[in-house]
Amino acid sequence: MVFNFNAKSVKQFNALPRKPRAPSGMVSNNWHFDLRYVPLDPTPSHFLFIVQLESSYIHGERVPLKLPANASGIEFFPETGQEAAPEVAKALIVSFLDGMGQRKFTFNPPPPSAPWKLTTEDPTLAEAVGNEFKRLGVRPELCKIDVVKGRSLKIAQEAFEGFWDSLKTSIGITGLAHKALTPPGSIVFENLRLSPWVGDPDDDEANKALQYTQRLAAARPLSEEAAYASVGEEMMRKLNLNITYLRTKSNDEVRAEADAGKGESAIDYSLRLQFGINCTPNRALCRTYLVKAITSPTSNAALKSRAHALLIDWYTGASKDSIYYRYLHAAAHHANQSVELSNGDVSPAVLFFAMHILEPHSHQVLELNVQYKAVWAALQKRKQELEKEKEKAAKKRAQTANRYICAAVNCVIQADKGRMLARCSGKCDTDKKPAYCSKECQRADWKNHKPFCRPGAPCSILEKDLDVPLPSEKGGSLSIPILGPDGKTVMISSSTMGPEMLKEMRELSLADHARAEGSSGRVQLPGSGVSMEKLGELDLDPK
């Protein structure tokens, strides 16, 4: 008989015999447990590991219980001991009722018994599981879970490493991949340091709506972003529509639709929770509703791809100066799923993650290189596209350089397509005509250009003092250099933000850098809604 947790499980567990020594009499009846994240794509999940430290007898359960072998465990991603405790407590009870798996594989197995004592590494998990045992009605003597350190943890890790090698072999992982996939450690919630959540309840309505609009744009396919005909206008149109929509459709209505299985509403509600739109920002619920969008039977592949893309930032933005082991792998899993569901039309959010987070960290975390193949393929394809675009743009710019940069003296806006800038309509020669990002820039430059606005006159465009990098955005975007948190100049490109918004971003970056040089803050990428962070050294603790 294979046990599952039900209403009778606690009563059955409390009825098990419980003695200080194991049935063999050779070792104590003390058992150590911990929670680990097993990042084996495409079915990553959390794993309850149980070990008798004196004999190194081991047992494990994927959590939540009843998780099919061919399914990922994305619904369960605890960030505190309290969040983990309900599933861990149920899995512990089931493990002992099932005789640590012997009843599944052994003919006429010995009768199961209850542990004499339970131990774990994380104090917050120990307390939370003890409290959950109390809530369930487990015998009082087992509601006090001891915390251990030192040699006990070393034995537990060594036991898990043996299990890990066997697991990789059993599912067909061999060669370089087998060697690269290192064993995950125990999750210690006590050491987890999360950044404040994105939303600000006191932020104004328009800014919340802008962030909402940007996040949706970041998760849509590149083909949709490239289709916008004019910079700024489409963004403003969508922003105004969303402001009206967010005012007229209540959170309660959207949530009800999401709970009824409507994937679009689940994404909508998750973003309201992220940015605190008519509610208090809620990190855990934001993730819950994105997962609902993914698991809803009514969601199509494109919508699921978008929800996976939106989840990337949930993990990468969790900690300010580092990315924890399981958060990095979870983000990579969602990026990979987003690509596989996208039919080759990936989103800016996925590509940003692949280029700026996954690839840099893959030099330190080698196992990233042997998984997430769809993301790696999408990144390689994008690099090839960008290289071709750069080569094409460089040749064209060499012939008509004036066409791609705003001629106004103090403006550093440039475009990847000539049509993104408006040219002077006067009588100056075509090859010498200045181009402008806005009417304001054209008016500001008129005093300089006016004497040259006639046939045969020299070019009025003055040489820029700044070295403006070549943009990397594909087709129909404006670009501007800003100062990153580390003081380096970074080119920001957008097909949805107008020149004034981009200039405002530049001024903010300069002001931020002046106030706090070397700050580890974050810069919002215009038109993409994804964050560019100053990432510290990768924290390999699997928190």
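Is there a residue being under 14 Å from residue 41 (Cβ atoms), part of a helix (DSSP H, G or I) and open to solvent by 20 Å² or more (accessible area, probe 1.4 Å) anywhere in the stretch 331-338?
yes
Keeping to the stretch 270-327, report how many residues are without any contact (Cβ under 8 Å) to a residue 24 or more places away in the chain, among the aliphatic types (A, V, I, L, M) and either under 20 Å from residue 353 (Cα atoms) or crowded, with 21+ Cβ neighbours inside 10 Å (or both).
Qualifying residue count for the region: 0.
Going by the structure shown, is residue 418 at pLDDT below 80 and open to solvent by less than 30 Å² (accessible area, probe 1.4 Å)?
no
Taking the residues in the stretch 250-290 that are modelled with pLDDT of 95 or more and among the hydroxyl-bearing types (Ser, Thr, Tyr) as candidates, determine which candidate is farthest from residue 301 (Cα to Cα).
Only one residue tops the list, namely 250.
Filter the stretch 8-28 for residues that are assigned to a helix (DSSP H, G or I) and among the small types (Gly, Ala, Ser); which is farthest from residue 140 (Cα to Cα)?
9
Identify the residue in the stretch 30-50 that is in contact with a Ser or Thr (Cβ under 7 Å, 6 or more places away or on another chain) and assigned to a loop (DSSP other than H, G, I, E, B) and, among all such residues, is surrounded by the most Cβ atoms within 10 Å (Cβ to Cβ).
44
Restricting to the stretch 348-378, and then to whatever is charged (D, E, K, R) and at pLDDT 95 or above, can you tell me which residue is nearest to residue 313 (Cα to Cα)?
359
Being open to solvent by less than 50 Å² (accessible area, probe 1.4 Å) and assigned to a loop (DSSP other than H, G, I, E, B) is the filter; apply it to the stretch 346-367 and report the residue that is farthest from residue 222 (Cα to Cα).
The qualifying residue farthest from residue 222 (Cα to Cα) is 365.
What helices (runs of 4 or more DSSP H) lie completely within the stretch 119-185 and have 1 or more residues being in contact (Cβ under 8 Å) with a residue 40 or more places away in the chain, in contact with a helix residue (DSSP H, G or I) (Cβ under 9 Å, 6 or more places away or on another chain) and among the hydrophobic types (A, V, I, L, M, F, W, C)?
123-136, 175-180
May I ask you to verify whether residue 13 is of a type outside the set (D, E, K, R) and in contact with a strand residue (DSSP E or B) (Cβ under 8 Å, 6 or more places away or on another chain)?
Spelling it out, residue 13 is indeed of a type outside the set (D, E, K, R) and in contact with a strand residue (DSSP E or B) (Cβ under 8 Å, 6 or more places away or on another chain).
For the stretch 123-140, which positions are more than 15 Å from residue 92 (Cα to Cα) and surrounded by fewer than 17 Cβ atoms within 10 Å (Cβ to Cβ)?
Those that are more than 15 Å from residue 92 (Cα to Cα) and surrounded by fewer than 17 Cβ atoms within 10 Å (Cβ to Cβ): 123, 140.
Of the conditions (1) among the hydroxyl-bearing types (Ser, Thr, Tyr); (2) out of contact with any Leu (no Cβ under 9 Å at 6 or more places or on another chain); (3) surrounded by fewer than 21 Cβ atoms within 10 Å (Cβ to Cβ); (4) touching a residue at least 40 places away in the same chain (Cβ under 8 Å), residue 9 clears all except one; give me its number.
The number of the failed condition is (2).
Residue check, residue 224 against (1) of a type outside the set (Ser, Thr, Tyr); (2) over 19 Å from residue 349 (Cα atoms); (3) modelled with pLDDT under 85, all met but one. Which one?
(2)
The values are calculated or read from the model by the stated rules, or taken from the named source; none is laboratory data. Since the model is a prediction, treat every value here as computed from it, not as a measurement. Using ideal geometry, Cβ is built from the backbone for each residue, glycine included, and neighbour counts are taken over all protein chains shown. Remember, those area values only see protein heavy atoms, side chains included, never the ligands or the DNA or RNA. Shrake-Rupley method; radii C 1.70, N 1.55, O 1.52, S 1.80 Å.
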